Each structure stands twice: as structure tokens, then as C-alpha cells.
Amino acid sequence: MTKNNHPFDTEWHLSLTELQEYSRGKLSRADEHRIELHLMECRLCSDALNGLSELKDPMRLVNITRELHSRAKHKNQYRKKIFSSIQLVSILLILLLLILIGFIGAYFLYAK
């Protein structure tokens, strides 16, 4: 583990699997010791472990996480740009051309 303890850095924080296995007592003595040392230093993981212990149905957390990921993926999938880059350049060129035609027409109209 590195010492970069950014709240969402998975290299520093314990994974959900590690927390679940620790709470169930399914780890080796070495892994258990490593996790306990981390829990003494990291309030976020310690709070996460406390939250896991308060859940009546541990699979509920997994289902909630999957549902949130699914919603985020679905929402981002249908986010659409109004114009692509090529369409935007084309529209700007057409507008520039119309403005130029307007200036040329005004020039010949008032030049007489």
C-alpha cells in the first residue's frame, strides 16, 4: 500500500472484498494483521467496516453498488452531443458565408 490516502484511491484503501472477508474472519493471520494496521490508520476504511457490520444483509451492499453502476452507465450512454465537430464547423462556415454575402450585397447596394 502506498501512503497516498486519497479517499477514492483503491491502492491505499481496502477493497470491499477485503473488508467483507475480514468481518467474516476468513483471512489468514498475516492478512488480518495487515488489515488491522490499516484500520488503525484509515478512518474511511474503519467507518466502512463499521457500516458493513451494521448491515443485516451484506449482499444488499453489492446489489446497491451494481445498481448505481448500472444507472451511471445507462445515463452516460444516452448523453448525446447536440452537434459533432464536423457539423459545428459546417454551420460556422455557412454562417460566415452568409455574412460575407450580406456585406458584398450591402457594398454593391450602397456603392451606386
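Based on what the data block shows, is Glu36 over 17 Å from Leu16 (Cβ atoms) and surrounded by 10 or more Cβ atoms within 10 Å (Cβ to Cβ)? Taking the combined requirement at face value, the residue satisfies it.
Residue under question is Val62, and the condition is that it be part of a helix (DSSP H, G or I), in contact with a Leu (Cβ under 9 Å, 6 or more places away or on another chain) and not acidic (Asp, Glu); does it hold? The answer is yes for Val62.
Taken over region 14-54, the criterion of being closer than 17 Å to Thr65 by Cα and assigned to a loop (DSSP other than H, G, I, E, B) is satisfied by Leu14, Ser15. Count of region 79-97 residues, restricted to those that are at pLDDT 85 or above and either exposed (fewer than 10 other Cβ atoms within 10 Å of the Cβ) or over 47 Å from the mean Cα position of the chain (by Cα) (or both), is 1.
The values are calculated or read from the model by the stated rules, or taken from the named source; none is laboratory data. Source: prediction; values computed, not measured. In this analysis, Cβ positions are derived from the backbone assuming ideal geometry, glycine residues included, and neighbour counts consider all displayed protein chains.
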